[in-house]
Each structure stands twice: as C-alpha cells, then as structure tokens.
1. Under a 10 Å cutoff between Cα atoms, tell me which one of Val34, Val77, Val91 has the largest fluctuation in the Gaussian network model of the chain.
2. Grab the Cα-Cα distance for Ser12 and Arg30, subtract it from 0.36 nm times how many residues apart they are, and report the gain in nm with one decimal.
3. Could you check how much of the accessible area of the chain is carbon and sulfur, as a whole percent, using a 1.4 Å probe?
4. Mind listing which trypsin sites (Lys or Arg not before Pro) in region 1-47 are in a DSSP loop and have 16 or fewer other Cβ atoms within 10 Å?
5. For region 44-101, report the accessible area per residue in Å² (1.4 Å probe, heavy atoms, rounded to an integer).
6. Grab the other residues whose beta carbon is less than 9 angstrom from that of Leu72, score K and R as +1, D and E as -1, and report the net.
7. Report the residue, chosen from Ala83, Ala63, Ala98, that carries the largest GNM mean-square fluctuation when the chain is represented by alpha-carbon nodes joined by springs under 10 Å.
8. Restricting to bridges with both residues inside region 6-108, how much of the DSSP beta-bridge set is antiparallel, in percent to the nearest 5?
Amino acid sequence: MPPTLASLVHHSALKLTVLAGEDKLATPVRWAHVSELADPVPWMEGGELLLITAMKIDAENPAAMRRYVKRLVGAGVVGLGFAVGVNYEQVPRPLIEAAEGEACLLYT
C-alpha cells in the first residue's frame, strides 16, 4: 500500500505543515518528485508529491500561481511541497490561495 499525504505529514522527522488541502490528506502518493522547472507537467504521470523552492516561478503572482496549480492538478499531482528558507522565507500567499480548494500544499 502506498503512503498517503497524511502519513507523510504525521512523520515527525519531516516536520511538515499543511497550508491547504487538508481534505486531500487521505490521497496516496505514488512518487515524490523534485523539480524547479517553470512547467514540470510534461514529466508528471500522476500521483506525485511535487517538491519545489520556486526558483523558476513567480510565486508572488496570483494569476501565475492559479495557472501553475491548475496545470499540476490537471496532470495528476496530488500534493505540492514547498521548502522555505531557500528562495522565500515563507510560502507566498498567492501560492497558498491558488492551492486552496485545488491541491494539498505542504511546507517545511
């Protein structure tokens, strides 16, 4: 049985926090994938937890974040993990708002 988003969130070593998509935590995760591409969708097969630091996207642009999250969800990405302290000290609000109702957004 594959792990779920909830099992990752509850793993104490990962220290993850859920910012959006709490209702999607029962979703199985097939694979974790790291990508800093502006458009990683061509390489997604579905079931991925996509891990990013937002090096190639404007995570503070609301319209861009809505398009980005919609494309990820359309490609079957089940969750988005955001690493703070690399490019952003906190998860940008436009990304959180884009994920609300669309995707599970986690950060560490």
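The values are calculated or read from the model by the stated rules, or taken from the named source; none is laboratory data. These numbers come from a predicted model, not from an experiment. Counting neighbours? That spans all protein chains shown, and the Cβs are built from the backbone with ideal geometry, glycine included. The area values use the complete protein model at the heavy-atom level, side chains included, leaving out ligands, DNA and RNA. Shrake-Rupley method; radii C 1.70, N 1.55, O 1.52, S 1.80 Å.
1. Ranking Val34, Val77, Val91 by mean-square fluctuation puts Val34 first.
2. Working: separation 18, 0.36 × 18 = 6.48 nm, distance 2.03 nm.
Gain in length upon complete extension: 4.5 nm.
3. Numbers: 3430 of 5950 Å².
So the carbon and sulfur contribution to the accessible surface is 58 percent.
4. Numbers: sites: Lys15, Lys24, Arg30; in loops: Lys15, Arg30.
In loop regions of region 1-47 (DSSP not H, G, I, E or B), the sparsely surrounded trypsin sites (Lys or Arg not before Pro) are Lys15, Arg30.
5. Values: 2810 Å² over 58 residues.
Spelled out: the 1.4 Å probe surface of region 44-101, per residue, equals 49 Å².
6. Working: positive: Lys70, Arg71; negative: Glu48, Glu102.
That sum, taken over residues with Cβ under 9 Å, equals 0.
7. Ala63
8. Numbers: 3 of 15 bridges.
Rounded to the nearest five, the antiparallel share is 20 percent.
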